[in-house]
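Colleague: My questions will all concern the structure given below.
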Amino acid sequence: MIELSRLLIAFVPVVLVIGIMWHWRLQPGKASWAMLRMLVQLLLIGYVLVFIFEAQSSLIVIAVILVMISASSWIALNTISEQRKSLYFITLISVGIGGSLTLALITQLVLELETWFEPRYLIPLAGMTFANAMTSVSLAAERLYAELKHGHSFIDSRNIAFQAGMIPVINSLFAVGLVSLPGMMTGQILSGVSPFIAARYQIMVMCMIFASAGLSTYGFLFLVQRKH
């Protein structure tokens with residue numbers, strides 16, 4: 001268990017980075033607010049998850065997933081805040097369908113959960129799924145409208161945007177096992193699970209992340225194209 005006094009040490013380099021942002025006038029307030037929100041949200045989610053896991057209610061799990069989809073769709077449009085309201089519904093559909101289809105396939109056909117809404121599996125995997133879909137859609141949205149402003153055709157802008165949205169996911173595929181051991185695999189190994197078993201679960205997660213990001217980004221660009 002990490003003691004609070006030692007946990008505070010982790011914030012030392014955080015303060016250093018925010019100091020650099022302040023010195024260079026790069027919105028240190030926004031970064032500080034993000035760190036504060038992260039701290040509060042993670043402290044609160046511990047209590048919430050205990051309640052959800054003990055409740056074993058499908059309605060609660062569905063409600064949590066809907067909140068994840070709604071929040072991730074809104075946050076995804078941070079990069080184009082001036083068009084946030086007009087594109088929110090499109091983003092909601094894209095992230096919701098792309099992420100949910102992938103999540104359902106993984107939990108019901110790969111893991112074969114005894115109870116389809118098992119919170120201990122469904123909620124953490126949903127978090128990874130929608131978070132990565134959110135990041136990819138966010139990058140794609142920013143790149144799409146940047147390219148359109150430069151006078152490129154929609155098709156060219158769309159293709160560039162899709163590639164930009166998939167960069168973090170593809171980079172993580174190249175890096176996994178060589179540069180990084182992702183959180184799920186590391187956690188399982190530390191808990192005593194065989195590295196071979198942990199690797200299988202991580203392969204499942206990487207496929208899930210890649211698919212949800214790709215499908216959600218495609219859905220967003222497809223629906224935006226129809227709007228134009």
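The values are calculated or read from the model by the stated rules, or taken from the named source; none is laboratory data. Just so you know, these numbers come straight off a predicted model, no measurement behind them. All Cβ positions, even for glycine, are placed from backbone atoms using ideal geometry, and neighbour counts span all protein chains on display. All accessible areas refer to the heavy atoms of the entire protein, side chains included, with ligands and DNA or RNA removed. Shrake-Rupley method; radii C 1.70, N 1.55, O 1.52, S 1.80 Å.
Colleague: Any idea which of I69, I52, I97 is touching a residue at least 60 places away in the same chain (Cβ under 8 Å), out of contact with any strand residue (DSSP E or B) (no Cβ under 7 Å at 6 or more places or on another chain), open to solvent by less than 70 Å² (accessible area, probe 1.4 Å) and closer than 30 Å to F222 by Cβ? Before you say what the answer is, go through the steps one by one.
Modeller: Working: I52 fails: closer than 30 Å to F222 by Cβ; I97 fails: open to solvent by less than 70 Å² (accessible area, probe 1.4 Å).
Residue meeting the stated conditions: I69.
Colleague: List the number of the failed condition for D156; all other conditions in (1) out of contact with any Gly (no Cβ under 9 Å at 6 or more places or on another chain); (2) surrounded by 14 or more Cβ atoms within 10 Å (Cβ to Cβ); (3) modelled with pLDDT of 85 or more hold.
Modeller: D156 satisfies all of (1) out of contact with any Gly (no Cβ under 9 Å at 6 or more places or on another chain); (2) surrounded by 14 or more Cβ atoms within 10 Å (Cβ to Cβ); (3) modelled with pLDDT of 85 or more except (2).
Colleague: Being polar (S, T, N, Q), open to solvent by less than 70 Å² (accessible area, probe 1.4 Å) and assigned to a helix (DSSP H, G or I) is the filter here; which residues of region 160-194 pass it?
Modeller: Initial filter on region 160-194 (polar (S, T, N, Q)): 163, 171-172, 180, 186, 188, 191, 194.
Now narrow it down to the ones that are open to solvent by less than 70 Å² (accessible area, probe 1.4 Å): 172, 180, 186, 188, 194.
Passing the criteria: S172, T186, Q188.
Colleague: May I ask you to verify whether L92 is assigned to a helix (DSSP H, G or I) and over 26 Å from G219 (Cβ atoms)?
Modeller: no
Colleague: Kindly indicate whether L42 is loosely packed, with under 10 Cβ neighbours inside 10 Å and within 23 Å of the chain's Cα centre (by Cα).
Modeller: The answer is yes for L42.
Colleague: Would you tally the residues in region 143-167 being under 19 Å from N78 (Cα atoms) and in contact (Cβ under 8 Å) with a residue 24 or more places away in the chain?
Modeller: Total satisfying the criteria: 9.
Colleague: Read through the list (1) open to solvent by less than 60 Å² (accessible area, probe 1.4 Å); (2) free of Cβ contacts under 8 Å to residues at least 24 places away in the same chain, then give the number of the only condition that S58 fails.
Modeller: Single failed check for S58: (2).
Colleague: A further question follows. Does region 9-28 contain any residue that is farther than 30 Å from K149 by Cβ, open to solvent by less than 50 Å² (accessible area, probe 1.4 Å) and among the aromatic types (F, W, Y)?
Modeller: no
Colleague: So, in region 103-131, exactly how many residues are within 17 Å of the chain's Cα centre (by Cα) and without any contact (Cβ under 8 Å) to a residue 40 or more places away in the chain?
Modeller: The total comes to 3.
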